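Below you'll find the structure, written out as structure tokens, and then a few comments.
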């Protein structure tokens, strides 16, 4: 089962992702991709840590999500990836080898992730959390516009191979796809 939970900032997507993840079969692993760059984000990471059960294993991946997912899929039945947007951001500042890619660029990172998902062992549940791109104002800088387009393409690619896709709005899950 591959599941994608999308939403805007503070939409409740991480909390809902954690709730769904905790209902999955064990053993469980949370793959965290965000790396604190400022005090506010450090606080957000701390809030996430205190919201989850202490027995949940956590591995911080940064740009190395694909290799971490490949390693974990043989040992864990339920995997939560929080979040794809921070993974894509980490990939932008990493080397090709660190980002599990062969050719560079966000499109290659996306292809690498989709290929990994196609090879997951039967019975592995992976839940992805990601910000939905493009719900806000059009960014003024070309760099931010490019990131939003790349994130939108990543979300679309993961949604295409997902069994469930959910959009969180005001803490409420709206299912867009269930198969």
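Only the coordinates and a few stated rules stand behind these numbers; no lab work does. Bear in mind that the values here come from a model prediction, so they are computed numbers and not experimental data. Cβ sites come from the backbone with ideal geometry, for glycine too, and all protein chains shown count toward neighbours.
Model label points for residue 177 and residue 163, set 7 angstrom from Cα along the Cα-to-Cβ axis, are 1.4 nm apart.
On full extension, the segment bounded by residue 135 and residue 107 gains 7.9 nm, given 0.36 nm per residue less the C-alpha separation.
Sorted ascending by nearby beta carbons within 10 Å, beginning with the fewest, 150, 9, 108 become 9, 108, 150.
Taking label positions 7 Å along the Cα-Cβ direction at both residue 115 and residue 92, the computed distance is 2.4 nm, reported to one decimal. By the count of other C-beta atoms within 10 Å, a proxy for reagent exposure, 138, 5 are ordered fewest to most as 138, 5.
For the peptides 11-22, 110-121, the ranking by mean Cβ contacts within 10 Å, running from highest to lowest, is 11-22, 110-121. Here the spin labels are modelled as points 7 Å beyond Cα on the Cα-Cβ line, and at residue 25 and residue 1 they lie 1.1 nm apart.
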